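Shown next, in structure tokens, is the structure this report addresses.
The values are calculated or read from the model by the stated rules, or taken from the named source; none is laboratory data. Since we're looking at a predicted model, the values are computed, not measured. Reconstructed Cβ throughout: ideal geometry from the backbone, glycine too, with neighbour counts over all protein chains shown.
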Amino acid sequence: MNALFGLVASLLLLGMSAAPASAHHAFAAEFDATNCSEVTGILSKVDYQNPHAYLWVNTTGAGGQTEEATFQLSSTSNLRRGGATYAVLTASLGKTVIVRGCAARNGEKNRYAASFIKLADGVVQRVGQDVEGIFGTKIWR
Amino acid sequence: MRTHVGAALVAACLLPAAAAAQEKPKTFVEARGNVVPVPLPPGGPAPRMADGKVDLSGVWFAGPTGKANAWSVVPDAPLAQDAVPFQPWADAKIKSMSRTERELGNPGVTCAPVGVPGMFTINPYPHQIVTTPGLFVHLIESDNRWRVVHTDGRPHKSKDELEPLYNGDETARWEGDTLVIDSISIDEQTWIQGNGWFHSDALHVIERLRRPSLNYLEYQFTIEDPKVLTRPWTSAWRTYSLGKEDLTENFCTRNENVDQLRKLNEVEAGTRR
């Protein structure tokens, strides 16, 4: 029980003293947090750069044609520290992955910001901000 | 899928007891990278340099965990500070910008130099600070930027020597255990914060840094800008904590956001017509 109270006290302390660090940009300015979905396909490319990394997934469209979806990830700083290293992401190249993404608000087709990827080895890896509140982590809008 | 215990506990603490008893814990996606933060202890007294001044050296992360907190289960609390006293025309100018226009003017989005105090306020990544007697060296991971400031209290350059610079003309002095950095002649292309807070050529920034204990650094800034504000404004103290990691390389080499936001701006302009 003491451990429980200690954890609660620690979390409340965090809430009182954390210094907000502004993100590179406001997610909702560019992507629609109410239009998110999971895309399944073959991971075809990873570009590990800043201010955002990108990955591309080849999917099968409604007519059976191959379509390429582009996913914007977080920065390499956040990805590395969160376990989504270059090696982790590129290990799934050529393999089936599932990526959850929210669509671009400017109408560009097949362009998303990703929040997680289910890698080829089955690990669910965080790769972006929690804009839907699906992780229970702080929500970025 | 799992139940997120940390978030449920915080929610329970914030709700009345009866309501909390009825609250069904929400189920969240478990993903590698989610962070349940643990605050650092004070860690003992701050170290001192050979001249007796507080040594601010270290790698510093925003918040109390000594680690990145972008994917933390605990949200950042709003800072308790006064509203910024903008002159009416400046307030109207900021409010007239659409969210997309604010993004397009934000140095943090365009990868332009963030300047001062932007190295703290428009920077989500860690800082490495090195202090020696007489010198303050500030490196930030965000776009691998840096500044070096003399801490001997020397005067600013003369008016004839000043030119607009992103980090301005900087000098620093110690007031007790607080390092005070004084900056003028700051390029008008920088912003104070990423929310549209622009400034004039009359901007004067006073930053204060102190290390209350080994593991903690605190930062505060004052803005004097008589052409934009009705009076000087001072921020709340912001907390940073000592990390055990090195800074990593983070050059802004693939910025697609500007083009994407411009397209969105065109879509929105079309919608408004």
Check: Is the range A:126-141 home to any residue that is surrounded by fewer than 21 Cβ atoms within 10 Å (Cβ to Cβ), modelled with pLDDT of 95 or more and part of a loop (DSSP other than H, G, I, E, B)?
Finding: no
Note to self: Of everything in the range B:226-238, what is crowded, with 21+ Cβ neighbours inside 10 Å and within 19 Å of the chain's Cα centre (by Cα)? Give them in sequence order.
What the structure shows: B:S235, B:R238
Next item on the list: Give the number of residues within the range A:121-132 that are more than 8 Å from chain B (Cβ to nearest Cβ) and within 16 Å of A:T34 (Cα to Cα).
Entry: 3
Checklist line | Single condition B:N215 does not satisfy, out of (1) more than 18 Å from the chain's Cα centre (by Cα); (2) more than 9 Å from chain A (Cβ to nearest Cβ); (3) over 30 Å from B:G43 (Cα atoms) | finding: (3)
Margin query: Show me the helices (runs of 4 or more DSSP H) found entirely inside the range A:1-120 where at least 2 residues are modelled with pLDDT of 95 or more and more than 7 Å from chain B (Cβ to nearest Cβ).
Written below: A:86-90
Item checked: Subset of the range B:86-145 [of a type in the set (S, T, Y) and in contact with a helix residue (DSSP H, G or I) (Cβ under 7 Å, 6 or more places away or on another chain)] -> B:S98, B:T100, B:T110, B:Y125
Checklist line | Residue check, B:T132 among the β-branched types (V, I, T), more than 30 Å from B:R254 (Cα to Cα) and surrounded by fewer than 19 Cβ atoms within 10 Å (Cβ to Cβ) | finding: yes
Checklist line | Test: B:L247 is assigned to a strand (DSSP E or B) and either away from chain A (no Cβ under 14 Å) or among the aliphatic types (A, V, I, L, M) (or both) | finding: no
Next item on the list: Could you run through the range B:72-90 and say how many residues are farther than 24 Å from B:H127 by Cβ and surrounded by 14 or more Cβ atoms within 10 Å (Cβ to Cβ)?
Entry: 4
Next item on the list: Might you check whether a residue that is touching a Phe, Trp or Tyr at 6+ places or on another chain (Cβ under 6 Å), at pLDDT 95 or above, facing chain A (nearest Cβ under 9 Å) and part of a strand (DSSP E or B) occurs anywhere in the range B:199-209?
Entry: no
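Rundown of residues vs (1) at pLDDT 55 or above; (2) within 29 Å of the chain's Cα centre (by Cα); (3) over 20 Å from B:Y216 (Cα atoms); (4) of a type in the set (D, E), yes/no style:
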position: B:V5; (1), (2), (3), (4): no, no, yes, no
position: B:L56; (1), (2), (3), (4): yes, yes, no, no
position: B:A70; (1), (2), (3), (4): yes, yes, no, no
position: B:V73; (1), (2), (3), (4): yes, yes, yes, no
position: B:P78; (1), (2), (3), (4): yes, yes, no, no
Check: Scanning the range B:102-146 for residues that are in a helix (DSSP H, G or I), facing another protein chain (nearest Cβ under 8 Å) and closer than 12 Å to B:I192 by Cα, which turns out nearest to the chain's Cα centre (by Cα)?
Finding: B:T121
Check: Looking at B:P88, B:P42, which is the one that is of a type outside the set (F, W, Y) and out of contact with any Phe, Trp or Tyr (no Cβ under 8 Å at 6 or more places or on another chain)?
Finding: B:P88
